[in-house]
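Report on the following structure.
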Amino acid sequence: MSTVHVLASPSRYVQGKDALATLGPRLAELGAAPLLVADDVVWSIVGPAVSTSLAGVGTSVVREPFGTYATVAAVDSLVENIRAGGHDVVVGIGGGSTIDAVKAAGHLAQIRWVSIPTAASSDAPTSALSVIYTDDGAFLEYRFFPKNPDLVLIDTQVVANAPVAFLVGGIGDALATWVEARAVARGTGTTMAGGRPTHTGTALARLCWDLLWENSLQALDAVRAKTVTPALEAVVEANTLLSGLGFESGGLAAAHAIHNGLTSAPQTHGLTHGQKVNIGTLTQLVLEGAPAQEVEDFVVFTTKVGLPNTLTEIGLSTDSPELAAVAAAATVEGETIHAMPFPVTPDMLVDALRTIEGLSRRVRAAHGLPEPVLYVHA
């Protein structure tokens, strides 16, 4: 057991309406020749604002398109382009995979890196690690870096203009933060930051949870209206900053390991990271024998948010043979599920996964909430 406690964080975090207008001078403090990485859809949305801000400080705009996943090939290609162009800072603009690829490439190229998420859909932007996937979108590995991003900048008007499903997914990812951090604190496991959790990291994970329960439904209303409100600002901060600090310095446990296992099931492809994490969180609550009222409240709340809490909603069933493969992948050596305060076997995990189906259906029926709808990957 480690006796060293570690807290990790980005050098600077900037959030607010029209924050993109401040990018130029902030980026100029980090480098003179940035490489901007964004897919075509994202660039069509934020490209004009980014270009205007950079032009204001005389910085050239060089943009590299991006595909779907942060794969080994995608990262290596970015490294080649960074070196060929003589870039001294690389900027990931868009979703979690774009930002993860940029972090990995910036590390390999030994330059600074910046995260500019265009939706509050995950906590990837703040962390010193990347999730690398196969070409088919299955989890491959974590890559860890000696530092966090030099700058994280998120424009809440851009978040408000994004599809509501992105914010829903971010809430699902962030809700796991406290459930996992408290499990790690109870046990002897280490965090992604490389030591035991600090009291600060665990407290930030709890603050993330509290802000989400208080503000999520109103924040979703704001996004549907494409407006920026205090509730939206609170949820963006929870999804992006607090969840990032909380998971990295508070610890990951079963929920994210289950997410990684679910990526091996083809039926779940097309779902967001946060949707699969939410299944992991509920399954972790069952695994640890959480109080019945807490489990019931979680099912009710996540149903209202629009997150899946049954196997049906991720394309699986209690009879799916893939559950065994999911459990096996989630419990391999080195997975975060081993930070739980008790041993977890594949059989235990299969039982917990099967349990959430009837549990959630019962709770939803008791509260007059909709029955689950089968997810079918297109």
One would report the Cα pair-distance distribution of region 231-348, bin width 5 Å, in %, as 2, 11, 19, 23, 23, 15, 5, 2, 0
Per residue, how big is the convex hull around the C-alpha atoms of region 144-219? Give it to me in cubic angstrom, could you?
118
Under the Karplus curve 6.51 cos²θ - 1.76 cosθ + 1.60, θ = phi - 60°, whole-Hz ³J(HN,Hα) for region 128-136, x wherever Gly or Pro sits
9, 8, 10, 9, 9, 10, 6, 4, 8
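Can you tell me the alpha carbon radius of gyration of the chain divided by the globular rule-of-thumb value 2.2 N^0.38 Å?
Numbers: Rg = 19.9 Å, N = 378, 2.2 N^0.38 = 21.0 Å.
Dividing the Cα Rg of the chain by 2.2 N^0.38 Å gives 0.95.
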Across the Cα atoms of region 135-294, what radius of gyration and what greatest pairwise Cα-Cα distance (Dmax) are found, in Å?
15.7, 45
Using alpha carbons only, how many angstrom separate the centre of region 324-353 from the centre of region 293-316?
20
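Quick one: putting +1 on the C-beta of Lys and Arg, -1 on the C-beta of Asp and Glu, what dipole do you get for region 163-366 around its Cα centre, in Debye to the nearest 20?
Values: 12 positive and 20 negative charges, 47 e Å.
That gives region 163-366 a dipole magnitude of about 220 debye.
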Full-extension gain between residue 296 and residue 348, please, as 0.36 nm times their residue separation minus the C-alpha to C-alpha distance.
16.6 nm
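Report the Stokes-Einstein translational diffusion coefficient (µm² s⁻¹, integer) for region 152-194, Rh taken as the Kirkwood radius over Cα pairs, at 10 °C with viscosity 1.306 mPa s. All intermediate terms of the calculation are to be shown ahead of the outcome.
Details: Rh = 12.7 Å.
In µm²/s, the coefficient is 125.
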Over the chain, what is the relative contact order in whole percent, taking alpha-carbon pairs under 8 Å and six or more residues apart?
16
Write down the radius of gyration of region 1-71 and its Dmax, each obtained from C-alpha positions, in Å.
15.9, 52
Any residue on another chain or 5+ positions along whose placed amide H is under 5 Å from the amide H of residue 140 is listed here as 132, 133, 134
Where a Cα-Cα gap under 25 Å defines reach, which lysines qualify for residue 226, not counting those fewer than 8 residues away within the same chain?
17, 304
Hey, for a label at residue 12 modelled as a point 7 Å past Cα toward Cβ, could you say which residues of region 123-137 have their backbone N under 19 Å away?
125-128
What ranking do 178, 43 get, fewest neighbouring Cβ atoms within 10 angstrom at the top?
43, 178
Long-range amide H partners of residue 62, meaning residues 5 or more apart or on another chain whose placed amide H is closer than 5 Å, are 36
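Every number here is computed from the coordinates shown, using simple stated rules; none is lab data. Given the structure is predicted, the values throughout are model-derived calculations rather than measurements. Positions of Cβ are generated from backbone atoms using ideal geometry, with glycine treated the same way; all protein chains shown enter the neighbour counts.
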